[in-house]
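The values are calculated or read from the model by the stated rules, or taken from the named source; none is laboratory data. The shown structure was predicted, so the numbers you read here are calculated from the model rather than taken from an experiment. Glycine gets a Cβ as well: all are built from the backbone with ideal geometry, and neighbour counts include every protein chain shown.
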Amino acid sequence: MRLAGRVAIVAGAGWGGIGAATALRFAREGARLVINNHQRVDKLEETAQHIRDAGGEVVALPGDVADPATWQTLTTAALEQFGRLDVLVHNAAYASLKRPAELTDEEIDRTLAVSLRGPLLSVRYCVPAMIGGGGGSIIFISTVNAVITNPLFGMYSVAKAGLNALTRSVALEYGRDGIRCNAIAPGQIVGEREMERMARDPLEERMSRDCYPLGRYGRPDDIAGCALFLASDDAAFVTGIVLTADGGLTLQSPEALVRPSFRSRWRNDILVPRARDPEA
């Protein structure tokens, strides 16, 4: 098992999303876990039960990642319950979907508090614990919206761009202490709640899939696999990167996404014709 003997904190681990899928994958690979969620404590407990059902060891602690006391509690639990801390995954995020000039002070502050202050606080509390154990791996869940953006996602994009910068800074500052820091930038990830919404709107579901060269949007397990790689010794020489896991979304030009003539010709193998038998 790739994480046998290791201890991980996963923040933002309510069942049905990236954090929960990552925590469960880590447990199946031998990690012992401290998991966190803020508003949906029932979803946190659901994740914990899935981990226990898989034979894993887990401590579930609700709390706001923007509060230093939460990180004190999480790191203390890892050290007291399991004796060490090797991996941190910060998945918690917040978005207020408005145009920039329409955001209130509270919405600006909350977006930055959860999506950027939270990761900074996680570094403050988790890095010393990792150094004490000989090193570790920090994984921030970013987004492709850090380098592109969508309507009404401006503040979220700003926070995640800052998270990418923090990733590089932590990797640089703590590499010699044996700590690697990387981020994962997903495209559209459809968990349980989103699947229910998609089922009610087949056109939205089809067009969402059609944006991706791989022919599908992502699932939480897709990102959990990336996190497992970055947490494991397979990534021992990987630090300071933002690993894009977006099914090819951002490799396309805007024309390829929106111009009907481009899209239809591509889907029908006409844009770049396939080789044909000259004697046919």
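Evaluate region 60-81: report whether one residue or more is assigned to a strand (DSSP E or B), farther than 28 Å from Ala171 by Cβ and touching a helix residue (DSSP H, G or I) at 6+ places or on another chain (Cβ under 9 Å).
Yes, region 60-81 contains at least one residue that is assigned to a strand (DSSP E or B), farther than 28 Å from Ala171 by Cβ and touching a helix residue (DSSP H, G or I) at 6+ places or on another chain (Cβ under 9 Å).
Within region 10-40, the only residue that satisfies the criterion of being under 18 Å from Trp71 (Cβ atoms), free of Cβ contacts under 8 Å to residues at least 40 places away in the same chain and surrounded by fewer than 23 Cβ atoms within 10 Å (Cβ to Cβ) is Gln39.
Search region 238-279 for residues being among the small types (Gly, Ala, Ser) and at pLDDT below 65, and hand back the single one that is farthest from Ala146 (Cα to Cα). Talk me through it step by step, then tell me what you get.
Initially, region 238-279 is screened for residues among the small types (Gly, Ala, Ser), giving 240, 245, 247-248, 253, 256, 261, 264, 275.
Those still in the list that are at pLDDT below 65 too: 264, 275.
Details: Ser264: 29, Ala275: 38 Å.
Filtering first and then ranking leaves Ala275.
Which residue out of Arg180, Arg176, Arg168, Arg117 is more than 30 Å from Pro254 (Cβ to Cβ), surrounded by fewer than 17 Cβ atoms within 10 Å (Cβ to Cβ) and either of a type outside the set (Ser, Thr, Tyr) or touching a residue at least 40 places away in the same chain (Cβ under 8 Å) (or both)? Talk me through it step by step, then tell me what you get.
Numbers: Arg180 fails: surrounded by fewer than 17 Cβ atoms within 10 Å (Cβ to Cβ); Arg168 fails: more than 30 Å from Pro254 (Cβ to Cβ); Arg117 fails: surrounded by fewer than 17 Cβ atoms within 10 Å (Cβ to Cβ).
Exactly one residue qualifies, and that residue is Arg176.
Let's see how each residue does on (1) of a type in the set (S, T, N, Q); (2) under 17 Å from the mean Cα position of the chain (by Cα); (3) under 21 Å from Asp221 (Cα atoms):
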| residue | (1), (2), (3) |
| --- | --- |
| Cys126 | no, no, no |
| Gly154 | no, no, no |
| Ser157 | yes, yes, no |
| Asn164 | yes, yes, no |
| Ser169 | yes, no, no |
| Gly191 | no, yes, yes |
| Glu196 | no, no, yes |
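When Ala21, Ala13, Ala4 are checked against the criterion of being within 14 Å of the chain's Cα centre (by Cα) and part of a loop (DSSP other than H, G, I, E, B), Ala13 stands alone in meeting it.
If only residues of region 145-158 that are free of Cβ contacts under 8 Å to residues at least 60 places away in the same chain and either out of contact with any Pro (no Cβ under 6 Å at 6 or more places or on another chain) or at positive phi (or both) are counted, the one that is surrounded by the most Cβ atoms within 10 Å (Cβ to Cβ) is Asn145.
The set of residues in region 100-130 that are over 22 Å from Cys226 (Cα atoms) and either polar (S, T, N, Q) or touching a Gly at 6+ places or on another chain (Cβ under 7 Å) (or both) comprises Pro100, Thr104, Thr111. Would you confirm whether any residue within region 141-149 is in contact with a His (Cβ under 8 Å, 6 or more places away or on another chain), at pLDDT 95 or above and not in a helix (DSSP H, G or I)? Yes, region 141-149 contains a residue that is in contact with a His (Cβ under 8 Å, 6 or more places away or on another chain), at pLDDT 95 or above and not in a helix (DSSP H, G or I).
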